[in-house]
Amino acid sequence: MEELENVHVKPVGLNGEMPRRIVHHPQSKSIVIVTERSARHPMLLAGPQREEAFVKLMHDKSFELLDSQALLEGEAPQALCLLPVAGEIDPLVVVGTALVVEGEEEPSEGRILAFRISARQLQLVSATLVRGAVYSIAALTPDDATPDEAAPPHPKAWLAACINNRVHVLEVPRSLSGVPQYQVQASSKMGVSHEKLAPPMRALVSASGFVIALFVEATGCTFAVGDIMKSVTVMRYDPVANTLDVVAKDPAPSWVTSICMLDARHVVATDTEHNLYLTAIPQDANPGGVLGKPRLEMRAEMRMGEFVNRIRLGHLRPAADDALVRPLALSGSVNGQISVLANVGSAHDFATLLELQAALVDSDDLAPPVARFEYGAWRAFSSARKTVEMHGIVDGDLVERFATELQRHEQDQVARVMAEKLKRPVSVDEVMRLVEDIQRLH
C-alpha cells in the first residue's frame, strides 16, 4: 500500500479458530466462513485433542456472529462456494468436506452440504455423502454456448466438484424443504445416522485421469481443473447432452498450488516452484471432437518468488473509466504478500510496457537490481523440467521504478532507447501514463 494512504484494518476474532475458507453472500449482506480448531472433550481435563469445524454466518459490515453450525468430529472443511438454483431467491452456500479417519492415506469419504440463508440463519437443505475428499467446488452456469431455452429447466446452475482423483458434476435436488437442524447422510466410517435426512445432490457425470484434482474454477459451463501433478486441464459440461469433455490441457507436469479462470479462454496458475504461468485455449479447440485433446497455449511464464496459494478475480481499487491498465485478479501467498494481476488494454500499450521493462533491465545504472541479483535469472520460469526466460508478462514492481527512481533526463534517455527498439516515437508522458495506471492499482 502507498505510505500516505490511510488503510483501516480491523481484526475480527474467531475464538481461537482458524479460518479455512470465506465467501461473501451479498443478497443477505453476510459473510460465510468455515473454521477449524483443536479442542479437548469438555468432560476431559487432559488427553488427546480433537479437531472441530464450523460453518459460521457473520454480518458483512458489523461482523456480528449470526449463526454457527458445527460439523462432525474429524470432518475437515475443504471447499466453499455459492450456487444459484432455480426456485431459490438467493444462492445456496455449498461446503465440501473430508472425513478424516486415522490410518487412511487419503480420505475415503467426504460430504457436500448445501445451506440456505434464511432469517439470518443457516438452514441445511441438501447433504450428500461422496467417496473421497471434496477438495474444491465451483458453480457452473448457462452461458452463450448453452442458452437458457436449450438448457434443462432445473437447475439453473450445476456444481463441479473435485473429489480425490475425479471431477464430478452434480445437480441440486428439486425439493429443498430444508432441515431445521444439522442433519446428514449416514456414514459408515463416522458411525452417524439420522432419522430425517436432507436430500442428496444427484451425480450427473464424472471424469477421471487425475492424480488428485485439487482446484476447480469455472466460467459458465467451462471450467479449469488444477491437479497436484498434472498441471491444468480445461473441461466443458454440456447440460443438454449431459456430457463432460476435455477442451484442452497442459501436457507438462506441474505441481499446481492455485488456479484462476480469467475468462472463458485464459487460465492463470502457480506451482510449488514459485512460478506463475498463463495458459490459453487454442482458437480451434474442439472438445470431444476428432482433434482429440488440444494443448493449452503457454502465453506467459515468470517466477514470482512466492508460494501462492490463492488467486481470485477482484481488485484492491477499481480502475478509472479511461484507464489503460485494468485489474483482473488478486493473488495471496503463504508469506502474506498480495499481488495484483492486471490486463493491458491494447497490444500497442503492452508492447510499450514490455520495451520499458527491457530498457530498465538492460541499464543497471538507471535501475540497479535489488541486492545485485541478475534480474533475468531471478524472474526466469524455472522448474525441474525446464528453465525459460520470463515472457508475455510485465513486472509492475520493476516498471514503476521509471516514475519513482529516475530523474527526468534519465526518463528521456529510456524513452529514446524505447523509440529506437519500437521504431516509433515514444514520449515520457506516454510511458508515465501507463506507469501511473499501474501504480493506481494498489
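Values as computed for the structure displayed
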{"read-out": "Qualifying residue in the stretch 290-297 (condition: open to solvent by less than 40 Å² (accessible area, probe 1.4 Å), out of contact with any His (no Cβ under 6 Å at 6 or more places or on another chain) and assigned to a strand (DSSP E or B))", "value": "no"}
{"read-out": "Close pairs (9 angstrom Cβ cut-off, 6 or more residues apart or separate chains): touching a residue at least 12 places away in the same chain (Cβ under 8 Å) in the stretch 232-257, among the hydroxyl-bearing types (Ser, Thr, Tyr) and surrounded by fewer than 17 Cβ atoms within 10 Å (Cβ to Cβ) anywhere", "value": "236/243; 237/243; 244/206; 254/272; 255/272; 256/272; 257/272"}
{"read-out": "Lone unmet requirement of (1) out of contact with any strand residue (DSSP E or B) (no Cβ under 8 Å at 6 or more places or on another chain); (2) assigned to a strand (DSSP E or B) for residue 252", "value": "(2)"}
{"read-out": "Candidates 332, 376, 305 - the one that is at pLDDT below 90 and either part of a loop (DSSP other than H, G, I, E, B) or open to solvent by less than 50 Å² (accessible area, probe 1.4 Å) (or both)", "value": "376"}
{"read-out": "Which listed residue is under 20 Å from residue 278 (Cβ atoms), in contact with a helix residue (DSSP H, G or I) (Cβ under 9 Å, 6 or more places away or on another chain) and open to solvent by less than 40 Å² (accessible area, probe 1.4 Å), from 399, 428", "value": "399"}
{"read-out": "Residue match in the stretch 339-354 (condition: among the charged types (D, E, K, R) and open to solvent by 40 Å² or more (accessible area, probe 1.4 Å))", "value": "no"}
{"read-out": "All positions within the stretch 50-65 that are assigned to a strand (DSSP E or B), open to solvent by less than 40 Å² (accessible area, probe 1.4 Å) and more than 12 Å from residue 98 (Cα to Cα)", "value": "52, 54, 55, 56, 57, 58"}
{"read-out": "First in the stretch 330-357 and in contact (Cβ under 8 Å) with a residue 12 or more places away in the chain, second anywhere and among the aromatic types (Phe, Trp, Tyr) and open to solvent by less than 20 Å² (accessible area, probe 1.4 Å), Cβ under 7 Å, 6 or more apart", "value": "356/402"}
{"read-out": "Selection status of residue 83, among the hydrophobic types (A, V, I, L, M, F, W, C), over 26 Å from the mean Cα position of the chain (by Cα), at pLDDT below 95 and farther than 22 Å from residue 100 by Cα", "value": "no"}
{"read-out": "Top-ranked residue of the stretch 93-114 - restricted to ones that are touching a Ser or Thr at 6+ places or on another chain (Cβ under 8 Å) and in contact (Cβ under 8 Å) with a residue 60 or more places away in the chain, ranked as most open to solvent (accessible area, probe 1.4 Å)", "value": "101"}
{"read-out": "Flag for residue 234 being at pLDDT 95 or above, part of a loop (DSSP other than H, G, I, E, B) and among the aliphatic types (A, V, I, L, M)", "value": "no"}
{"read-out": "All positions within the stretch 202-246 that are open to solvent by less than 40 Å² (accessible area, probe 1.4 Å) and among the polar types (S, T, N, Q)", "value": "222, 231, 233"}
{"read-out": "Pairs where the first residue, in the stretch 417-432, is within 22 Å of residue 405 (Cα to Cα) and without any contact (Cβ under 8 Å) to a residue 24 or more places away in the chain and the second is open to solvent by less than 50 Å² (accessible area, probe 1.4 Å) and β-branched (Val, Ile, Thr), C-beta under 6 Å, 6+ apart", "value": "419/426"}
{"read-out": "Neighbours by Cβ (under 9 Å, 6+ apart or cross-chain): first from the stretch 76-87, in a loop (DSSP other than H, G, I, E, B); second open to solvent by 30 Å² or more (accessible area, probe 1.4 Å) and hydroxyl-bearing (Ser, Thr, Tyr)", "value": "84/141"}
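The values are calculated or read from the model by the stated rules, or taken from the named source; none is laboratory data. Just so you know, these numbers come straight off a predicted model, no measurement behind them. When we count neighbours, we look across all protein chains shown, and the Cβ atoms used for this are built from the backbone with ideal geometry, even at glycine. These area figures cover heavy atoms from the full protein model, side chains too; ligands, DNA and RNA do not enter into them. Shrake-Rupley method; radii C 1.70, N 1.55, O 1.52, S 1.80 Å.
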